[in-house]
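Note sheet for the following structure.
The values are calculated or read from the model by the stated rules, or taken from the named source; none is laboratory data. Since this is a predicted model, take the numbers as computed values, not measurements. Cβ placement follows ideal geometry from the backbone for every residue including glycine, while neighbour counts extend to all protein chains displayed.
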Amino acid sequence: MKKKSPNHNNPPNIQILNHQITQTIYDGNRTIVYRGIHTDNRLPVAIKILKNDYPTFSEIVQFRNQYTIAKNLDSPLIIKTYSLESYRNGYALIMEDFGGISLKEWVNYQENRLSLPEFIEVAIALSNALNILSRERVIHKDIKPSNILINPQTKQVKLIDFSIASLLPRESPEIENPQILEGTLAYISPEQTGRMNRGIDYRTDFYSLGVTFFELLTEKLPFQSNDVLELVHSHLAKRAPLLHEINPQIPSLLSKIVSKLMAKNPEERYQSALGLKFDLETCLNQLTETNKIIDFEIGQRDLSDRFVIPEKLYGREAEIQTLLQAFDRVSLGATEMILVAGFSGIGKTAVVNEVHKPIVRQRGYFVKGKFDQFQRNIPFSAFVQAFRDLIKQLLTESEGQIQEWKKQILSAVGENGQVIIEVIPELEKILGKQPPAVELSG
């Protein structure tokens, strides 16, 4: 049975700058997207504005970033941005309107499940889009069906939303509370969580594309949970179900392609969008000629166009095992301290970061401090740095959890809260104002 068509609200007769609004396309938590017409040249446009009357600095930066990156990507596979206009206390982003709806919306309102030829044609178009991003050294970081538009009549596909995209060839993510991670948690790559001891490069988009393919073919996500830490742990450590095991009608070869895209280590994924495109085109040719897809070796034409050094650690198995065993003991209630020593640049940080994954599994916190040669005048500087890092993480928790931490910390420090606050000022945001510290005489 055909599902109801999407309900786009028709807004009142309003005008934004010199554009007449005709329809609301999207109304989210932070942004609204309208469909409109330029009052002078009658050009159809899509207009994205910030919902918040007083947007944060971060929201404004992301808006500018989206415009700056997208305007330099001249391709029919990337949404064209016309201008960025000042509007109220923020901006209005003026983009082309080619009659597209989100891929998620299109699939949801299809009469039947997406056919294999339709899926492969969309997948090839997305491979071409990622090839353009790779060529321009852009990392999108938020590939998902909601950020892919398709024209229901022409089947033209375009990639949108470059608000958190990066022009850096590689990023080193910091550990953040899962609630405030960049990207969309259901589609995020393991390294983008900041808990994998790996940098982020263009291959993070291949993982998210794999999750997108999985959802298009099965109409569900590979990992589903209401618990954000459980979702993070699934991306880090759990193998996604095989597509042909969920639906036997899906060829095992497509299952292999999606599994390769969703490999936990970037080195095991496709290394180029053109290598992925070749495999998909081979599948489509087979399907067109024989009405079936026969197994072949995938990745034969998958050659990277850049020199990438693998980030796997070699020769540190014993040290890593020592750290993991210590963490296991601590998670059972023990209290321990481990000091890691070595010459500058020998890889101490890389070894310590290997405990990220088990910490997520046990719902722990990872904090670190480093003795700096330029901060020798500050006593215990590494310990102070580590605890300040911990407090910043705690402040991103729910109000109930913060109150629980306040109770535990106050029971431990008693009347000496101000002494700790003077060393770690952020702690006052949890404990509140504390009585002045008693001055010691003598």
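In table form, for the structure just shown:
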quantity: Residue within the stretch 340-360 that is loosely packed, with under 10 Cβ neighbours inside 10 Å, at pLDDT below 85 and in contact with a Lys or Arg (Cβ under 8 Å, 6 or more places away or on another chain) present; calculated: yes
quantity: Qualifying residue in the stretch 264-273 (condition: within 18 Å of Asn128 (Cβ to Cβ), outside any loop (DSSP other than H, G, I, E, B) and of a type in the set (Gly, Ala, Ser)); calculated: yes
quantity: Any hit, the stretch 102-112, residues being among the β-branched types (Val, Ile, Thr), modelled with pLDDT under 90 and either under 24 Å from the mean Cα position of the chain (by Cα) or not in a loop (DSSP other than H, G, I, E, B) (or both); calculated: yes
quantity: Close pairs (9 angstrom Cβ cut-off, 6 or more residues apart or separate chains): in contact (Cβ under 8 Å) with a residue 12 or more places away in the chain in the stretch 31-46, surrounded by 15 or more Cβ atoms within 10 Å (Cβ to Cβ) and basic (Lys, Arg) anywhere; calculated: Thr31/Lys48; Ile32/Lys48; Val33/Lys48; Tyr34/Lys48; Pro44/Arg35; Val45/Arg35; Ala46/Arg35
quantity: Filter result for Ile298 (within 30 Å of Leu253 (Cα to Cα), in contact with a helix residue (DSSP H, G or I) (Cβ under 9 Å, 6 or more places away or on another chain), at pLDDT 85 or above and surrounded by 15 or more Cβ atoms within 10 Å (Cβ to Cβ)); calculated: yes
quantity: Tally, over the stretch 306-324, of residues that are surrounded by 11 or more Cβ atoms within 10 Å (Cβ to Cβ) and either free of Cβ contacts under 8 Å to residues at least 40 places away in the same chain or within 26 Å of Leu133 (Cβ to Cβ) (or both); calculated: 10
quantity: Failed criterion for Arg376 (all others in (1) over 32 Å from the mean Cα position of the chain (by Cα); (2) among the basic types (Lys, Arg); (3) modelled with pLDDT of 80 or more hold); calculated: (3)
quantity: Inter-residue pairs, beta-carbon under 8 Å, first touching a residue at least 40 places away in the same chain (Cβ under 8 Å) and in the stretch 58-76, second part of a helix (DSSP H, G or I) and of a type in the set (A, V, I, L, M, F, W, C), 6+ apart; calculated: Leu73/Ile132; Leu73/Leu133; Ser75/Ala129; Ser75/Ile132
quantity: Hey, Lys357 assigned to a helix (DSSP H, G or I), on the phi < 0 side of the Ramachandran plot, among the basic types (Lys, Arg) and not assigned by TED's automatic domain parsing to the domain that holds Asp227 or not; calculated: yes
quantity: Options Leu73, Leu77, Leu130; residue that is in the same structural domain as Gln286 (by TED's automatic domain parsing) and among the aliphatic types (A, V, I, L, M); calculated: Leu130
quantity: Any hit, the stretch 385-408, residues being acidic (Asp, Glu), modelled with pLDDT of 90 or more, part of a helix (DSSP H, G or I) and surrounded by 12 or more Cβ atoms within 10 Å (Cβ to Cβ); calculated: yes
quantity: Subset tally (residues that are assigned to a loop (DSSP other than H, G, I, E, B) and more than 23 Å from Val232 (Cβ to Cβ)) for the stretch 365-384; calculated: 12
quantity: Verdict on Ile164 being in a loop (DSSP other than H, G, I, E, B), in contact with a Phe, Trp or Tyr (Cβ under 8 Å, 6 or more places away or on another chain) and not polar (S, T, N, Q); calculated: no
quantity: Residue match in the stretch 132-141 (condition: part of a loop (DSSP other than H, G, I, E, B), surrounded by 15 or more Cβ atoms within 10 Å (Cβ to Cβ) and not β-branched (Val, Ile, Thr)); calculated: yes
quantity: Some residue of the stretch 223-241 being in the same structural domain as Leu168 (by TED's automatic domain parsing) and either under 17 Å from Ile120 (Cα atoms) or in contact with an Asp or Glu (Cβ under 8 Å, 6 or more places away or on another chain) (or both); calculated: no
quantity: Residue match in the stretch 335-346 (condition: outside any loop (DSSP other than H, G, I, E, B) and within 26 Å of Pro190 (Cβ to Cβ)); calculated: no
quantity: Evaluation of Leu126 against (1) under 21 Å from Leu181 (Cβ atoms); (2) touching a Leu at 6+ places or on another chain (Cβ under 8 Å); (3) crowded, with 19+ Cβ neighbours inside 10 Å (one fails), failing number; calculated: (1)
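One line per residue, one yes/no per condition, for (1) among the basic types (Lys, Arg); (2) loosely packed, with under 12 Cβ neighbours inside 10 Å; (3) at pLDDT below 85; (4) in contact with a Gly (Cβ under 6 Å, 6 or more places away or on another chain):
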| residue | (1), (2), (3), (4) |
| --- | --- |
| Pro6 | no, no, yes, no |
| Gln15 | no, yes, yes, no |
| Val33 | no, no, no, no |
| Thr39 | no, no, no, no |
| Leu43 | no, no, no, no |
| Leu50 | no, no, no, yes |
| Val61 | no, no, no, no |
